[in-house]
Amino acid sequence: MIMAHKIPTSVYWYTAKDPHPGESFSGELKTTVAVIGGGMAGLSCAQRLHDAGIPVAVIERDFCGAGASGKTSGFITPDSEVELSSLLATYGPEKAKRIWEFVLSGVGIIRENIRRYGISCDYQVQDSLFVANSPSGFRHVQKEHEARMRLGYASTLYDKNQAMSQIIGSQKYAGAVRYPETFGMNSYSYCRALRDTLHALGVPIYEQTTAERIDGTVIFTPGGRITADHIIVCTDRFIPDLGVLKKEIYHVQTFLGITKPLSPDQIKNIFPGSPFMAWDTDLVYNYFRITGDGRLLIGGGDLLYTYARNATDNTARFGRRLKNYLEKKFPSLSVEMEYLWPGMLGVSKDLLPIMGSDMHNKRIWYVGAATGLPWAAALGFYAAERVLNGRNEFDQDFSPERHFVVGPRMQAILSTPLTYALSHGIAK
């Protein structure tokens with residue numbers, strides 16, 4: 001059970017390292033590349049350009065890590081809103097593997113940065129565990145295992161009779177698929193550390209600086225103008241605020257909670273062996289992992305708010321949903337939730353990223369709808385490499401002008417009348 005009390009809606013990650021925005025931009029600046037957005041995609045893009053010796057400047061409306069990149073659960077796994085089995089069913093083996101390798105590169109980028117720069121971000125090596133809530137959910141899990149095996153990725157399938165009790169302390173799951181080479185982290189600390197590293201290396205990073213408009217290759221901010229040969233916009237769900245991609249990028253809302261530290265026995269109640277990064281087969285799925293200081297981090301969604309136009313602070317409803325979930329799955333577990341907060345992320349119609357040049361100005365490039373930190377890191381590198389060497393192999397796949405193939409997961413979402421009614425024209 002979850003102990004009942006009023007739960008603060010502050011973002012837990014901020015309590016350990018309060019946001020202290022850096023200087024804002026003023027005056028005039030000329031540079032080769034200007035990056036708008038200081039989240040995972042924008043910082044990764046700036047890093048790749050700086051490593052190649054290209055002058056680059058970053059502007060961020062609030063502070064680096066203020067958006068989805070710094071509020072998220074820190075699951076560093078290629079699985080996000082689109083599983084490998086869904087890619088395989090929608091696109092076939094060749095394209096599915098090509099896309100999967102792309103997002104896997106994002107996992108590698110983040111891992112290498114932690115090693116290279118000695119980033120302290122609660123790096124927790126944990127295998128991924130996709131758990132089935134029901135026999136029908138097990139068929140979904142089995143398809144994921146079969147897809148991984150078919151395309152040559154490590155995978156272990158468990159059914160209810162195959163040592164499930166050794167990996168998760170609940171009898172309410174019908175099976176699971178497990179795979180390695182994934183990890184969890186404090187994504188806010190990662191973004192702040194990468195920001196500090198780049199700044200120390202000489203990359204100009206201006207926080208509290210809004211891109212009010214772009215005219216040609218000039219960015220107008222409240223304090224002045226930045227002129228660049230190339231402009232890369234990495235603001236995810238806020239891209240439509242610039243008057244573009246309004247029908248291609250929208251947003252979904254999720255909630256995330258974290259408990260007070262658990263005892264070793266409580267952790268073993270959830271994960272009898274080593275901890276995993278786990279998520280289930282519900283349409284609006286639940287996900288959870290153990291942090292380095294022994295807290296249970298758990299998140300999910302709520303159909304009432306999934307496509308809400310504005311962020312809601314009504315965490316009480318999700319708190320009750322979370323309580324019911326934990327009591328059902330882990331009835332002997334008693335935890336106290338310490339923080340519970342909402343978050344928003346950008347998504348596209350087919351849950352794959354949106355990436356492409358402005359229809360009127362090929363020197364402006366947009367990166368958005370990155371549903372997961374590895375996606376964002378890989379997209380940031382890709383955008384930088386378009387400038388560096390003309391990289392273009394995913395231009396058509398992620399173009400905002402592509403034909404959107406609605407895969408099985410999105411089909412299921414669209415079949416939910418309430419969700420569809422709240423989606424603000426997703427199928428238009």
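Only the coordinates and a few stated rules stand behind these numbers; no lab work does. As the structure is a prediction and not an experimental result, all values here were calculated from the model. Glycine gets a Cβ as well: all are built from the backbone with ideal geometry, and neighbour counts include every protein chain shown.
The C-alpha atoms of the chain define a longest principal axis, and helix 135-150 lies at about 50 degrees to it.
Across all C-alpha atoms in region 86-137, the radius of gyration and Dmax reach 15.7, 45 Å. As a proxy for reagent exposure, Glu212, Glu181 were ordered by neighbouring Cβ count within 10 angstrom, fewest first; the result is Glu212, Glu181.
Extending 7 Å from Cα along the Cβ direction at Asp229 and again at Gln142 yields two label points whose distance is 5.6 nm. Taking 60 Å as R0, compute the FRET efficiency from the Cβ-Cβ separation of Glu385 and Ser332 and round it to 0.05. Once the sixth-power term is evaluated, E becomes 0.75.
Among 245-254, 145-154, sorting by the average number of other beta carbon atoms lying within 10 angstrom of each residue, highest first, gives 245-254, 145-154. Sorted from longest to shortest, the spans of the Cα atoms of region 35-131 along the three principal axes equal 41, 29, 26 Å. Once the C-beta distance of Val125 and Asp282 is scaled by a Förster radius of 25 Å, the resulting FRET efficiency is 0.45 to the nearest 0.05.
Label sites at Phe220 and Ala316, each approximated as a point 7 angstrom past Cα along Cα to Cβ, lie 4.4 nm apart. Projecting the Cα atoms of Pro272, Leu242, Ile219 onto the charge dipole of the chain (Cβ charges, centred on the Cα centre) puts Pro272 farthest toward the positive pole.
Secondary structure note: in the chain, about 65% of the DSSP beta bridges are antiparallel. Determine, from the Cβ-Cβ distance of Phe404 and Lys260 and an R0 of 35 Å, the FRET efficiency 1/(1 + (r/R0)^6), rounded to the nearest 0.05. For Phe404 and Lys260, the calculated efficiency is 0.20. The phi-based Karplus calculation (6.51 cos²θ - 1.76 cosθ + 1.60; θ = phi - 60°) puts the 3J(HN,Hα) values of region 174-188 at 8, x, 6, 10, 10, 8, x, 6, 10, 7, x, 7, 7, 5, 5 Hz, whole numbers, x for Gly and Pro.
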